[in-house]
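The structure under discussion appears below in the form of structure tokens.
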Amino acid sequence: MIIGAILVARLSSTRLPKKNILRVSGKPMIEQLADRVLKAKLVDKVIIATSNLPSDDPLEELAKKNGIGCYRGSLDNVMERISMASSSYGCDTIVEILGDNPLVHSDLIDNVIELYLNEKLDYAANITTEYKPYSIGKKLFPIGLRVQVYSKKVADQYCNYPDYPSNGRHPCAFIFDHPEKYKVGYLEAIEKWAFINYPDLNFAVNYPKNFELTKKIFACNYPSDNNFDLKLIFNQLDREPKLLELFGPE
């Protein structure tokens, strides 16, 4: 089994242009994310999956410079791009992480993979409000820290569900919307992850002020530990409550 972490990224974002390569603590943001993902014990390969538009050339250059994989494909058909990326690098298990989620931590990645493997699932994720109505009654993680693990065989079946994502749902929604077809499991924010049960927070970098938050988090924690864990982030938020103003849209 080859487990490949697929970092989904593009540079054509309009809300925060070229956000994936904006610099955080001396490195492009997606490079910081890749470094954190590479610390996961159960990940065999890290691959940036981007579009074939010329505007995304810098992502391919960054991947080559850092010795990680890069696959370029459809801008709009994200699941096709992910599936083809996993084929190109011989991966049969996919760990999907969004490129604008630079705070995803290696321990969380390993825990979701363990859930996927131990329960023999088709799909596993740490659950957030993005999974309504399946998230009702569960202890949820913040948005922007999501790890999704699923088999390449399941990804290849995406063509059977043409309504996704044209209806506004995430490309993986076709999997968890069909529990009668796929075995799905969720990691909740309980036990070792109970400290992170803040479903209203969103760590995704979508707007300039979100990027400022990410820079402040890295500036505080990165110098002493280049793979600082999520508990340190929440300790910082407790010490600096004004940082809460940098969450959410402008």
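Numbers for the structure displayed
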item: Tabulated pairs, the range 87-103, first under 21 Å from Tyr123 (Cβ atoms), second of a type in the set (Phe, Trp, Tyr) and assigned to a loop (DSSP other than H, G, I, E, B), C-beta under 8 angstrom, 6+ apart or interchain; result: Asn101/Phe203
item: Residue within the range 152-165 that is under 18 Å from the mean Cα position of the chain (by Cα) and among the polar types (S, T, N, Q) present; result: no
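Computed from the coordinates by the stated procedures, all read-outs in this text should not be read as laboratory data. Owing to the predicted nature of the structure, the values given are computational and were not obtained by experimental measurement. Using ideal geometry, Cβ is built from the backbone for each residue, glycine included, and neighbour counts are taken over all protein chains shown.
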